[in-house]
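Note sheet for the following structure.
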Amino acid sequence: MAHHKVSRKIGALETVIETGKIAKQASGAVMVSCGETVVFVAATAADAVKDGQDFFPLTVDYREKASSAGRFPGGYFKREGKPTEKEILTARMTDRPIRPLFPEGFFNEVQIISFTLSVDGENDPDILSINGASAALMVSDIPFDGPVGAVRVGRINGQFVANPTHAQMEDSDLNLVYVGTDEEIMMIEGDAQELSEADFFASLEFAQTHAREAIALQRELAAKVAKPKRQFPLSVVRPEVLATATEFVGKRVFDVIVIPGKQERQEASAKLAAATVEAIKAKHADATDYELREAYHKIENDAVRHNLLTGKRMDGRGAKDLRALTAEVGLLPRIHGSALFQRGETQAVVIATIGSHDDAQELDGITGGTMEKRFILHYNFPPFSVGETGRFNAPGRREIGHGNLAERSLRPVIPTKDFAYTIRLVSEIMESNGSTSMASVCGGTLALMDAGIPIKAPVAGISIGLCTEFDAQGKSKNAVTLVDIIGSEDHYGDMDFKVCGTRTGITGFQLDLKIRGLSFPLAKQALEEARSTRMKILDVMEAAIPVHRSDMSPYAPRIYSMRVPATKIGLIIGPGGKQIKSITAETGCDISIDDKGDCGIVMISSNNGEAANRAMEIIRGLTEEAEVGRIYHGTVTGTKEFGAFVEIMPGKEGLCHISELSNTRVNRTEDVAKVGDKMWVKVLEMDDRGKIRLSRKAAMAERDAAAQPANA
């Protein structure tokens, strides 16, 4: 196979795609580079369909190799382990826009493997992975109705930027990953700082122009390779088998699909499906297992879509109607914050936990960006939430993806400036019938407010669906958008467009399609419907809790911060950490120090205010200098015939001469001052060696004068 290489400027830098040099036994393989970031992607298809296979088994795996950044992996084995959250999310973003572009009935296993070869720390490899997967399929013999083009869009100082660097993204109020075909949208994902719908739509139009460049680049490479596509057998239900099933089912399917309750509807559907299988067997002894399983599914699919296109939804709502909403806060005792949010048959219990800086999640990434997370949202989807049994262990890709969408949708309203706490939200899905990630956003907002977190504004989320009617040439001739889709409408419909935001603007978004593109007019319509519906949801949420609580839970830790000179940090820590361990042992507080260069920020975490005050007192004593003329409440640490030694701050003591102990003559120091006594003393002098001269009688005189009435 000959080596081919193409390049084109997309954004500020050239994107280069090459093939035919490495991994020539894969069905298709490419290397994609931008700057000094290089990603390898291989696409391979199985020669035959596995026995009993009745779905398209596409798997996408993306890995970020430590070697690509000139690093060793962490851990004992010094080898990459299970995928990180970033790798899983990139694999999902690579999978979703290409999945609808394979032929219907194509069930041969297809595997996309993508990994980094070089990472420059400025250009993120995730966009290269998406473009690389499309390009690898284009130069392969695998049937694929592509290509698609991917681009990241940021907005810096009001200007859109294509494929910005990590450094540029630090100043961006938009993080949009956009994937499109020549004319339409295939997938979007990202977050924004309360961007208006108009500005967000403009970002989609901007992204589309750059996505076309990526598409043109892939087409140029595919034309050079000119590899013919293999003819794979497609799994279809024969017309005669489908006719038998249709005749048997008749109009009964329309009664089944409008049963309001999810479980009742599913039970009735399962019974009718089982009866349909028996009717097919009686007339077609040669019917395959696939035909027996799929015939009723196709009939039900067509019936659901017919109803949706004529304005009849499965649970009886209108196309733009929300399901019934309820919101409740303060659900659980002793929890820092908790909420219950329910939309129809979807229910989320969300728990907020507040921690110190030490509770932040450390990230071992190789692609740049922040290495610490102080706001975390975890999403759990147990099998009982859909009335089923199943594995209940570590979260899968779906749970990680849904949790990430909810987290990034709430992150723009989380306080950052002078807010030292780490926040964790856990969304426990108790019931599911569609849009559980959006319930997590709404419930997460309520739990944050219940915990007393001063969020910028409440955030709500909603999912907009779509049902499209196509003509004989596959062109859309009729389309209906659906507000607040349930699970079956997601399954049988064409779109799941999740949009989250405040009353001001959009904070998070994700679009998944089952069709081969979403037109811009429909996208604009969906955005407006999401905005107007979001206001109704916020009304319900704000009725449950109008503003965040004025104080945090008494069970939550309080964090007190102190600014100290950088030169004093070593004194607080002590040799081998001895001093800071001593303070922690005495007070029970958690103490962390953030070195800011010219100063240090000491953060003391405790739910005991008295203990925190004691820790601060000790640290002040270690870091502050005694001030001449200031009065201190000190402790006598020793006595001599010539006077008493008084500790005025932890670790700092001075001498109060016997002549300064009282206004009257003192014969013996112990007559006035004994070890352990508390006394007020004034700093009279400090010499060059740091020795401090104190006076009890000067302090007493000054305090007595201050206590006299103004007209005395």
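Just one residue in the set 559, 569 is farther than 30 Å from residue 105 by Cβ and not in a helix (DSSP H, G or I); that residue is 559. Being part of a helix (DSSP H, G or I) and more than 30 Å from residue 146 (Cα to Cα) is not true of residue 291.
Scanning region 55-95 for residues that are part of a loop (DSSP other than H, G, I, E, B) and buried (at least 16 other Cβ atoms within 10 Å of the Cβ), we see that the one that is modelled with the lowest pLDDT is 80.
As for region 436-459, it holds no residue that is more than 25 Å from the chain's Cα centre (by Cα) and open to solvent by less than 30 Å² (accessible area, probe 1.4 Å). Listed by first and then second residue, the pairs with beta-carbon distance under 6 Å, at least 6 apart or on different chains, first residue in region 513-533 and open to solvent by 80 Å² or more (accessible area, probe 1.4 Å), second at pLDDT 95 or above, are 514/100; 514/494; 516/100; 524/201.
Take the residues in region 399-435 that are among the hydrophobic types (A, V, I, L, M, F, W, C) and over 21 Å from residue 85 (Cβ atoms), then tell me which one is nearest to the chain's Cα centre (by Cα). Selected residue: 413.
Do we find a residue being crowded, with 16+ Cβ neighbours inside 10 Å, hydroxyl-bearing (Ser, Thr, Tyr), in contact with a Ser or Thr (Cβ under 6 Å, 6 or more places away or on another chain) and under 24 Å from residue 231 (Cβ atoms) anywhere in region 25-33? Yes: region 25-33 contains one or more residues that are crowded, with 16+ Cβ neighbours inside 10 Å, hydroxyl-bearing (Ser, Thr, Tyr), in contact with a Ser or Thr (Cβ under 6 Å, 6 or more places away or on another chain) and under 24 Å from residue 231 (Cβ atoms).
Residue-by-condition table, conditions (1) in a helix (DSSP H, G or I); (2) over 40 Å from the mean Cα position of the chain (by Cα); (3) modelled with pLDDT of 95 or more; (4) of a type in the set (Phe, Trp, Tyr):
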| residue | (1), (2), (3), (4) |
| --- | --- |
| 199 | yes, no, yes, no |
| 203 | yes, no, yes, no |
| 211 | yes, no, yes, no |
| 217 | yes, no, yes, no |
| 221 | yes, no, yes, no |
| 240 | yes, yes, yes, no |
| 260 | no, no, no, no |
| 265 | yes, no, no, no |
| 272 | yes, yes, yes, no |
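Looking only at region 223-236, residues that are modelled with pLDDT of 95 or more and either among the aromatic types (Phe, Trp, Tyr) or open to solvent by less than 70 Å² (accessible area, probe 1.4 Å) (or both) come to 1 in all. Restricting 326, 389, 353, 310 to residues that are polar (S, T, N, Q), in contact with a Phe, Trp or Tyr (Cβ under 8 Å, 6 or more places away or on another chain) and modelled with pLDDT of 90 or more narrows the list to 326. As for region 460-467, it holds at least one residue that is of a type in the set (Val, Ile, Thr), within 30 Å of residue 261 (Cβ to Cβ) and either surrounded by fewer than 22 Cβ atoms within 10 Å (Cβ to Cβ) or in contact (Cβ under 8 Å) with a residue 60 or more places away in the chain (or both).
Kindly establish whether residue 711 is modelled with pLDDT under 90 and either farther than 19 Å from residue 621 by Cβ or surrounded by 11 or more Cβ atoms within 10 Å (Cβ to Cβ) (or both). Taking the combined requirement at face value, the residue satisfies it. May I ask you to list the residues in region 303-320 that are open to solvent by 30 Å² or more (accessible area, probe 1.4 Å), over 18 Å from residue 265 (Cβ atoms) and in a loop (DSSP other than H, G, I, E, B)? 310, 311, 320 - these are the residues of region 303-320 that are open to solvent by 30 Å² or more (accessible area, probe 1.4 Å), over 18 Å from residue 265 (Cβ atoms) and in a loop (DSSP other than H, G, I, E, B). With the condition kept exactly as written, say whether any residue in region 169-180 is free of Cβ contacts under 8 Å to residues at least 24 places away in the same chain, part of a helix (DSSP H, G or I) and open to solvent by 10 Å² or more (accessible area, probe 1.4 Å). No, that holds for no residue.
Residues in region 388-423 that are aromatic (Phe, Trp, Tyr), open to solvent by 50 Å² or more (accessible area, probe 1.4 Å) and under 27 Å from residue 558 (Cα atoms): none. Set side by side, the residues 122, 194 differ, and just one is touching a strand residue (DSSP E or B) at 6+ places or on another chain (Cβ under 9 Å) and closer than 22 Å to residue 509 by Cβ, which is 194. Among the candidates 376, 423, 400, single out the residue that is outside any strand (DSSP E or B), in contact (Cβ under 8 Å) with a residue 12 or more places away in the chain and not basic (Lys, Arg). Every option except 400 fails the conditions.
Looking only at residues of region 673-684 that are open to solvent by 80 Å² or more (accessible area, probe 1.4 Å) and not in a strand (DSSP E or B), we find that the one that is nearest to residue 623 (Cα to Cα) is 675. Hey, residue 331 hits all of (1) open to solvent by less than 40 Å² (accessible area, probe 1.4 Å); (2) assigned to a loop (DSSP other than H, G, I, E, B); (3) in contact with a Leu (Cβ under 6 Å, 6 or more places away or on another chain) but one; which does it fall short on? Single failed check for residue 331: (1). Within region 117-154, being within 22 Å of the chain's Cα centre (by Cα) and either without any contact (Cβ under 8 Å) to a residue 24 or more places away in the chain or open to solvent by 40 Å² or more (accessible area, probe 1.4 Å) (or both) holds for 122, 154.
Take residue 195 and tell me if it is under 25 Å from residue 15 (Cα atoms) and either open to solvent by 20 Å² or more (accessible area, probe 1.4 Å) or not hydroxyl-bearing (Ser, Thr, Tyr) (or both). It is false that residue 195 is under 25 Å from residue 15 (Cα atoms) and either open to solvent by 20 Å² or more (accessible area, probe 1.4 Å) or not hydroxyl-bearing (Ser, Thr, Tyr) (or both).
Can you name the residue in region 352-373 that is assigned to a helix (DSSP H, G or I) and surrounded by 14 or more Cβ atoms within 10 Å (Cβ to Cβ) and is also nearest to the chain's Cα centre (by Cα) among such residues? Here the answer is 359. Residues that are of a type outside the set (Ser, Thr, Tyr), open to solvent by less than 30 Å² (accessible area, probe 1.4 Å) and within 14 Å of residue 680 (Cα to Cα) within region 627-639 comprise 634, 636, listed in sequence order. All of (1) under 24 Å from residue 221 (Cβ atoms); (2) at pLDDT below 95; (3) surrounded by fewer than 16 Cβ atoms within 10 Å (Cβ to Cβ) hold for residue 48 with one exception: (1).
When residue 385 is tested against (1) open to solvent by less than 40 Å² (accessible area, probe 1.4 Å); (2) outside any helix (DSSP H, G or I); (3) closer than 21 Å to residue 435 by Cβ, exactly one condition is not met: (2). Within region 247-257, the set of residues being open to solvent by 70 Å² or more (accessible area, probe 1.4 Å) and assigned to a helix (DSSP H, G or I) comprises 247, 248, 252, 255.
Considering every residue within region 150-166, establish whether at least one is out of contact with any His (no Cβ under 6 Å at 6 or more places or on another chain), more than 19 Å from residue 517 (Cβ to Cβ) and in a helix (DSSP H, G or I). Looking through region 150-166, at least one residue is out of contact with any His (no Cβ under 6 Å at 6 or more places or on another chain), more than 19 Å from residue 517 (Cβ to Cβ) and in a helix (DSSP H, G or I).
The values are calculated or read from the model by the stated rules, or taken from the named source; none is laboratory data. Not measured: the values here are computed from a predicted model. We place every Cβ from the backbone using ideal geometry, glycine too, and count neighbours over all the protein chains shown. We work out accessible area using only protein heavy atoms, side chains counted, and drop any ligands, DNA or RNA first. Shrake-Rupley method; radii C 1.70, N 1.55, O 1.52, S 1.80 Å.
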